[in-house]
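**Q** Right, I'll just put the structure down here and ask away after.
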Amino acid sequence: EDFNWAKNDHGSFYYGTFPAGFSWGVGSSAYQTEGAWDRDGKGMSIWDVFSHRQGKVQHNETGDSSSRCCAFPHGSSCHIAAPLLCFPFPANHVNEKGIKYYDDLINVLLENKMTPIVTLYHWDLPQTLQEKFGGWQNISMIGYFSDFAGLCFERFGNRVKHWITFSHPWSVAVEGYETGKHAPGMQMKGSGAYRAAHHIIKAHARVWHMYDSQWRSKQKGIVGISLTADWGEPVDILDQKDVEAAERYVQFSLGWFASPIFNGDYPQVMKDFITKKSAQQGLTTSRLPTFSSQEKSYIKGTSDFLGIGHFTTRYVTQKNIPAINSPSFYSDRDLAELVDPQWPDPGSEWLYAVPWGFRRLLNFVKTQYGNPMIYVTENGVSEKAMCTELCDKWRIQYYKEYINELLKAIKDGVNVRSYTAWSLLDKFEWEDGYSERFGLYYVDFRNKNKPRYPKASVQYYKKIISSNGFPNQREVDSWMRKAMETCSSSNQLLAADPLASHMEMVTEIVVPTVCTLCILLSAVFLMFLLRRHN
Ligand SMILES: CCCCCCCCCCCCC/C=C/[C@@H](O)[C@@H](N)CO[C@@H]1O[C@H](CO)[C@H](O)[C@H](O)[C@H]1O
């Protein structure tokens, strides 16, 4: 039975548990957490170069040191850094130190009874491929990406059975090649994003086919793609124009990638709108590239599961945006985004907590793409860096309500198999640097050892996992109380951290300096005594 939008009661909490065998995890990505940007033979990525340019990231922060110093910064869902593994250009050279790093990581996860879900591309393209070919603007990326994927399947595929080709390709395309807010910082408005996405979709399909024909029978794994999307809710549900605008909002993000992969072509509404807007500019062909019929059938059906990342929702209304002289991805959509001022917005300026949007998005996936197997790959909330509060009640609220909407979606019949909280640790947040914290663990970036402190939300999340959901109100209420009790002792540890850093300086710098001085003075004094004696 189809989800009834009109009957969706936003308010009520659903007590119940997830299906047996449902998987729970935590995630993080390579560039955001690993650091060590110039160690262990790692090559430069587009994010290394971009973040070192003045004015690209808040406070000119970089991912240089991040968290890789003391223990693996990854959870069960980890994202591999291509520039650490190989140098695709000019000759395919494999960096064995990089291979060992991920070998060890995968082994640690397995030893701790965690199933690694490995993403091949979370935005850190080798810089050489950007410089030489223009990165994802160039069709040659398909071959380079599939060589890289082949290397990963060959070296790690005996242990990794869940592969994600791309994480959030919308962001790669739009923020990398349209607005230029992300690496490589290109502003090719109205065409760059569409071209990048076209090559990414083809690269995904190529890798899926390679796995299917060369590795699947031996390794018995599965390959999917992870798409991050907001839900778009019509401002006026009774206004057909708003309803269509809201659907366009979702089609121009999720549908752009999901529709070719599950249905065999770009969403009709994207084709119609971009063709219309291109004609208004006087172009004879659409700025949206087209797939040939062979390509359509090659791409269709190339995801064994669909990864869904989701953080927030927008209200959407129809708005004509004439853009004859300045075409852009945004003006192609003819819509305006709004938010409800009542929605909580704890951290990132784009992230409002709207749990019911999650259930709607998941039901949209079910009806549009034939109810595919879904892995929720990213869901979480940030706080501003200045808050060093480990008793993060608002994050608990966010997780509790979003996971509850996920449970409701499963009751609606959506085929969701796993949930990954985003993210394990506080980390580098792209153009926002370290100013926003998404972690279940607080990281003290001031300290060179990057110590981690559990937030209350991690205690709460553990309870959800161990109960496989929300068994009953009395028990669930007790989790919040317990989480808030334990976080106050972690808060005290964190408060003592400046002292720890100070002590570290005393032991590492002051003590050796004083000792050296003492030895020197003793030597001088001894010489003086000897001379007097003679
Ligand atoms: C009327 C609207 C009012 C809002 C005004 C805010 C305007 C800000 C501009 C928004 C730009 C788009 C931002 C999009 C963000 C997300 O799609 C994206 N960050 C999700 O990607 C994942 O994010 C995680 C947390 O940031 C994580 O870092 C991960 O690596 C990303 O994959």
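The values are calculated or read from the model by the stated rules, or taken from the named source; none is laboratory data. On a predicted model such as this, the values are computed, not experimentally measured, just so you know. FYI the Cβ positions are ideal-geometry reconstructions off the backbone, even for glycines, and counts take in every protein chain you see.
**Q** Which condition breaks for His93 when tested against (1) in contact (Cβ under 8 Å) with a residue 12 or more places away in the chain; (2) of a type outside the set (Phe, Trp, Tyr); (3) more than 30 Å from Ser418 (Cα to Cα); (4) touching a strand residue (DSSP E or B) at 6+ places or on another chain (Cβ under 7 Å)?
**A** Result: His93 fails condition (1) only.
**Q** Related question: Looking at Lys393, is it within 16 Å of the ligand (Cβ to nearest atom) and surrounded by fewer than 21 Cβ atoms within 10 Å (Cβ to Cβ)?
**A** Considered against the rule, which asks whether it is within 16 Å of the ligand (Cβ to nearest atom) and surrounded by fewer than 21 Cβ atoms within 10 Å (Cβ to Cβ), Lys393 comes out as no.
**Q** Oh, and also: Whether any residue in region 500-519 is at pLDDT 60 or above, of a type outside the set (S, T, N, Q) and under 34 Å from the mean Cα position of the chain (by Cα) is what I want to check.
**A** no
**Q** List pairs: first residue in region 455-468 and at positive phi, second residue among the small types (Gly, Ala, Ser) and not in a helix (DSSP H, G or I) anywhere in the structure, Cβ distance under 9 angstrom, at least six positions apart or on different chains.
**A** Asn468/Ala20
**Q** Separate question: For region 359-408, how many residues meet the condition of being outside any loop (DSSP other than H, G, I, E, B) and over 26 Å from Tyr266 (Cα atoms)?
**A** 18
**Q** Still on this structure, please answer the following. Could you list all residues from region 242-289 that are β-branched (Val, Ile, Thr) and farther than 20 Å from Tyr369 by Cα?
**A** Ile274, Thr275, Thr284, Thr285, listed by residue number.
**Q** Further, regarding this structure: Only one of Asn415, Asn371 is on the phi > 0 side of the Ramachandran plot and surrounded by fewer than 20 Cβ atoms within 10 Å (Cβ to Cβ); which?
**A** Numbers: Asn415 fails: on the phi > 0 side of the Ramachandran plot.
When all the criteria are applied, what remains is Asn371.
**Q** For region 318-326, does any single residue satisfy the condition of being more than 16 Å from the ligand (Cβ to nearest atom) and among the charged types (D, E, K, R)?
**A** No, region 318-326 has no match at all.
**Q** Give the residue, chosen from Gly157, Gly98, Gly135, Gly176, that is at pLDDT below 95 and buried (at least 18 other Cβ atoms within 10 Å of the Cβ).
**A** Every option except Gly98 fails the conditions.
**Q** Ok, one more. In region 11-66, which residues are part of a loop (DSSP other than H, G, I, E, B) and in contact with a Phe, Trp or Tyr (Cβ under 6 Å, 6 or more places away or on another chain)?
**A** Listed by number, the residues that qualify are Tyr15, Gly43, Lys56, Glu61, Gly63, Asp64, Ser66.
**Q** Return the residues of region 247-282 that are in contact with a helix residue (DSSP H, G or I) (Cβ under 9 Å, 6 or more places away or on another chain) and assigned to a loop (DSSP other than H, G, I, E, B); say none if nothing qualifies.
**A** Scanning region 247-282 gives Gly264, Asp265, Tyr266, Pro267.
**Q** Taking region 22-40, which residues are in contact (Cβ under 8 Å) with a residue 40 or more places away in the chain and away from the ligand (no atom under 16 Å from the Cβ)?
**A** Of all residues in region 22-40, those in contact (Cβ under 8 Å) with a residue 40 or more places away in the chain come to 22-34, 40.
If the condition is that a residue be in contact (Cβ under 8 Å) with a residue 40 or more places away in the chain and away from the ligand (no atom under 16 Å from the Cβ), then Phe22, Ser23, Trp24, Asp40 are the ones that fit.
**Q** Separate question: What are the pairs with Cβ atoms under 7 angstrom where one residue, in region 149-169, is free of Cβ contacts under 8 Å to residues at least 40 places away in the same chain and the other, located anywhere, is crowded, with 18+ Cβ neighbours inside 10 Å? Sequence gap at least six, or different chains.
**A** That search, which allows pairs on different chains as well, returns nothing.
**Q** Between Thr312, Thr377, which is within 13 Å of the ligand (Cβ to nearest atom), of a type in the set (Val, Ile, Thr), closer than 28 Å to Asn468 by Cβ and surrounded by fewer than 23 Cβ atoms within 10 Å (Cβ to Cβ)? Explain how you work it out, then say what you get.
**A** On the way: Thr377 fails: surrounded by fewer than 23 Cβ atoms within 10 Å (Cβ to Cβ).
On inspection, the qualifying residue turns out to be Thr312.
**Q** Only residues that are within 12 Å of the ligand (Cβ to nearest atom), assigned to a loop (DSSP other than H, G, I, E, B) and not small (Gly, Ala, Ser): list them for region 223-246, please.
**A** If the condition is that a residue be within 12 Å of the ligand (Cβ to nearest atom), assigned to a loop (DSSP other than H, G, I, E, B) and not small (Gly, Ala, Ser), then Asp230, Val235 are the ones that fit.
**Q** Looking at region 411-453, which of the residues that are basic (Lys, Arg) and outside any loop (DSSP other than H, G, I, E, B) is nearest to Asn363 (Cα to Cα)?
**A** Among them, the one singled out is Lys411.
**Q** Criterion first (within 14 Å of the ligand (Cβ to nearest atom), at pLDDT below 95 and more than 24 Å from the chain's Cα centre (by Cα)) does Pro341 satisfy it?
**A** For Pro341, the condition - within 14 Å of the ligand (Cβ to nearest atom), at pLDDT below 95 and more than 24 Å from the chain's Cα centre (by Cα) - is met.
**Q** Inside region 1-30, can you point out the residues that are touching a Gly at 6+ places or on another chain (Cβ under 7 Å), modelled with pLDDT of 95 or more and of a type in the set (S, T, N, Q)?
**A** The answer is Thr17, and nothing else.
**Q** Going by the conditions given, is Asp265 more than 24 Å from Glu175 (Cβ to Cβ), in contact with a Lys or Arg (Cβ under 7 Å, 6 or more places away or on another chain) and acidic (Asp, Glu)?
**A** Yes: the conditions hold for Asp265.
**Q** When you check Ser326 against the structure, is it in a helix (DSSP H, G or I), touching a residue at least 40 places away in the same chain (Cβ under 8 Å), of a type outside the set (Val, Ile, Thr) and within 19 Å of Tyr177 (Cα to Cα), yes or no?
**A** no
**Q** For region 350-365, indicate whether the set of residues that are surrounded by fewer than 19 Cβ atoms within 10 Å (Cβ to Cβ) and of a type outside the set (A, V, I, L, M, F, W, C) is non-empty.
**A** no
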